[in-house]
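Scroll down for the structure; my scribbles are underneath it.
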Amino acid sequence: MSWDEFDKEIRALAEKVDYTPDMIVGVVRGGLVPARLLSTLLSVPQMRCITMARNGGTREILDELGGDIAGKKVLVVEDMIESGKSLAAAKKYLELNGAVVKTACLYTMPTSEMTPDYFLREVPEVMQFPWE
């Protein structure tokens, strides 16, 4: 995927989002670039990141977001989801801390255990993004 193709795709994803979040949270590492661009496209200046560690089949939050997120509307962003475990863990963490959470990614795979609130389409294999 080229940067031009990615630009078209992230803009198409932004058009699908019918939610006005207070903050966008990118899941490190894949979600950082899409989260940053969605922040601009959706005019949401507050953005944070959440870092996960893969521990076998589970995910562990490595860092705290900081600040009070209780009652905040949050959009959690990944580039794509294979299993959906990282996105699901980030959503659960934010909800446990009182946030109202929606999820977004460009692509999902048939192997995903969750369906994000916003995504473009299902793809059969892992996509190669221009920042990788």
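The set of residues in region 65-117 being farther than 17 Å from Ile10 by Cβ and acidic (Asp, Glu) consists of Asp68, Glu82, Glu95, Glu113. If only residues of region 50-59 that are under 16 Å from the mean Cα position of the chain (by Cα) and over 18 Å from Asp117 (Cβ atoms) are counted, the one that is modelled with the lowest pLDDT is Arg59. None of Leu32, Leu37 is of a type in the set (A, V, I, L, M), surrounded by fewer than 21 Cβ atoms within 10 Å (Cβ to Cβ), over 23 Å from Pro124 (Cβ atoms) and touching a Gly at 6+ places or on another chain (Cβ under 9 Å) except Leu32. Among the residues examined, Ser43 qualifies as among the polar types (S, T, N, Q) and loosely packed, with under 15 Cβ neighbours inside 10 Å.
Every residue, every condition in (1) over 19 Å from Ser43 (Cα atoms); (2) in contact with a strand residue (DSSP E or B) (Cβ under 6 Å, 6 or more places away or on another chain); (3) buried (at least 18 other Cβ atoms within 10 Å of the Cβ); (4) at pLDDT 95 or above, yes or no:
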{"residue": "Asp68", "(1), (2), (3), (4)": "yes, no, no, no"}
{"residue": "Lys73", "(1), (2), (3), (4)": "no, yes, no, yes"}
{"residue": "Val76", "(1), (2), (3), (4)": "no, yes, yes, yes"}
{"residue": "Ser83", "(1), (2), (3), (4)": "yes, no, no, no"}
{"residue": "Ala88", "(1), (2), (3), (4)": "yes, no, yes, no"}
{"residue": "Lys92", "(1), (2), (3), (4)": "yes, no, no, no"}
{"residue": "Leu96", "(1), (2), (3), (4)": "yes, no, no, no"}
{"residue": "Val100", "(1), (2), (3), (4)": "no, yes, no, yes"}
{"residue": "Leu106", "(1), (2), (3), (4)": "no, yes, yes, yes"}
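The values are calculated or read from the model by the stated rules, or taken from the named source; none is laboratory data. It should be emphasised that the depicted structure is a prediction, and the values quoted were computed from it without experimental measurement. Heads up, the Cβs are rebuilt from the backbone with ideal geometry, glycines too, and the neighbour counts pull from every protein chain shown.
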